[in-house]
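What follows is a short report on a single structure.
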Amino acid sequence: MSRIAIIPGDGIGVEVTREAARVLEAARDAFGLDLSLETYDMGAERYLRDGVTITEDEFRTLSDDADAILLGALGDPRVPGQVHARDILLGLRFRLDLYVNYRPCVLLDPRFCPLREAEGRTIDLDIFRENTEGLYVNAGGVLREGTPHEVATQEMINTRHGVERIVRAAFEHAQRHGRGRVTLVDKANAMPIAGGLWRRTFTEVAEAFPGIETDTMYVDAMAMDLVRRPERYQVIVTSNLFGDILSDLAAEITGGLGLAPSANVHPCRHALFEPVHGSAPDIAGQGKANPIGAVRCVALLLEHLGHGAAAAAVDAAVRRTVADGVLTPDLGGAASTEQVGAHVADAVRGAAPAANAV
């Protein structure tokens, strides 16, 4: 049995995660999967009520017993400093060493693309962002804070171990999925010390994958090229900060954050799946939130657990829902969050193998 921990989150996170769980249950039943789903009370409401973010016992349970975690968006303006989001999301990311942040960016329909002449373009790229190093480790400090002579330093940490494992993960993914090119994105011209480590490591790892083409791009040039010719790219590997920025850009040109899933993974150990949009408290409870990003996380989760047919059925169900025009207002539709989730779940059930059909 695979045990799935569900953390609904805050705001619209609760709503879209509910629909993702609906689709996951539909896939479980349709394909006869041995999955157990357990919901955890973590988020702003609990923090405001009890002053608790995540306990050590809960962390150990998630670490030792959960085969995957499905997480909703976290964030609530009532919580000072978003301490609960930091403890839960960043706590799990760093303490579970989820060093791979994987963002598949696929254009499901040309009308969702803001680029001119989107019709006929195939945009299908995967971004591998290093998830536990770089500028986000919060190394640095402040001198003379609050004075005209204040000095703030924020240090970028890159280790050979950390760089090599994310680069290798990108190449292994490319090889496994028939991707012909891996592109390294850096800023080696202006940051030669960090850039040198990334480029040397990239070149050395690439030698083990002779059938895959390689190239390198500076991050500013990549930002321009993703707008100009996104169809050129297949797999991108980059640092924490650059990946954070580029993955949102890639999400926007393929339809926006409402469609975008992500996986935070330590291969063969831990995996956390979350849509990349925020908690959007301004529309929470109105049934307007787009659940497709969260639902696409279910496909990633199922694939991670080795249920490829069920994952493919969820992906196909999302595409059918888009084709049928069952869309939330952000995509020009009139459907509610629940209606979109129900439509996807029904399509998944319709894809059930004959042996499991009811």
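Tabulated results
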| read-out | value |
| --- | --- |
| Selected residue (criterion: nearest to GLY180 (Cα to Cα)) from residues of region 119-141 that are polar (S, T, N, Q) and modelled with pLDDT of 95 or more | ASN131 |
| Residue that is outside the structural domain of GLY333 (by TED's automatic domain parsing), exposed (fewer than 15 other Cβ atoms within 10 Å of the Cβ), at pLDDT 95 or above and of a type in the set (D, E, K, R), where the choices are ARG116, ARG168, ARG144 | ARG144 |
| Subset of region 213-230 [under 21 Å from the mean Cα position of the chain (by Cα) and not β-branched (Val, Ile, Thr)] | MET222, ALA223, LEU226, PRO230 |
| Leading residue by the ranking (surrounded by the fewest Cβ atoms within 10 Å (Cβ to Cβ)) among those in region 259-269 that are at pLDDT below 95 and of a type outside the set (D, E, K, R) | CYS268 |
| Test result for ALA152, loosely packed, with under 15 Cβ neighbours inside 10 Å, touching a residue at least 12 places away in the same chain (Cβ under 8 Å) and not hydroxyl-bearing (Ser, Thr, Tyr) | yes |
| GLY341 vs. criteria assigned by TED's automatic domain parsing to the domain that holds GLU15, within 20 Å of the chain's Cα centre (by Cα) and closer than 23 Å to ILE283 by Cβ | yes |
| Entirely in region 164-269, the strands (runs of 3 or more DSSP E) that have 2 or more residues that are under 29 Å from GLY72 (Cα atoms) | 235-238, 261-266 |
| Close pairs (7 angstrom Cβ cut-off, 6 or more residues apart or separate chains): assigned to a loop (DSSP other than H, G, I, E, B) in region 291-311, β-branched (Val, Ile, Thr) and surrounded by 20 or more Cβ atoms within 10 Å (Cβ to Cβ) anywhere | PRO291/VAL16; PRO291/THR337; PRO291/VAL340 |
| Residue match in region 94-106 (condition: of a type in the set (Lys, Arg) and in contact with a Ser or Thr (Cβ under 7 Å, 6 or more places away or on another chain)) | yes |
| When residues of region 270-290 are limited to those that are among the hydrophobic types (A, V, I, L, M, F, W, C) and part of a strand (DSSP E or B), the one surrounded by the fewest Cβ atoms within 10 Å (Cβ to Cβ) | ALA271 |
| Region 178-232: number of residues that are without any contact (Cβ under 8 Å) to a residue 40 or more places away in the chain and closer than 21 Å to ARG121 by Cα | 10 |
| Selected residue (only one of ARG3, ARG22, ARG18, ARG49 is over 27 Å from ALA309 (Cα atoms) and either not in a loop (DSSP other than H, G, I, E, B) or not aliphatic (A, V, I, L, M) (or both)) | ARG49 |
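A quick yes/no check of all residues on (1) crowded, with 20+ Cβ neighbours inside 10 Å; (2) over 25 Å from SER36 (Cα atoms); (3) at pLDDT 95 or above:
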{"position": "GLU58", "(1), (2), (3)": "no, no, yes"}
{"position": "THR61", "(1), (2), (3)": "no, no, yes"}
{"position": "ASP65", "(1), (2), (3)": "no, no, yes"}
{"position": "LEU71", "(1), (2), (3)": "yes, no, yes"}
{"position": "LEU74", "(1), (2), (3)": "yes, no, yes"}
{"position": "GLY91", "(1), (2), (3)": "no, no, no"}
{"position": "ARG103", "(1), (2), (3)": "yes, yes, yes"}
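The values are calculated or read from the model by the stated rules, or taken from the named source; none is laboratory data. Note that the coordinates shown come from a computational prediction; the quantities given were computed from them, not determined experimentally. Positions of Cβ are backbone-derived with ideal geometry, glycine not excepted, and every protein chain shown enters the neighbour counts.
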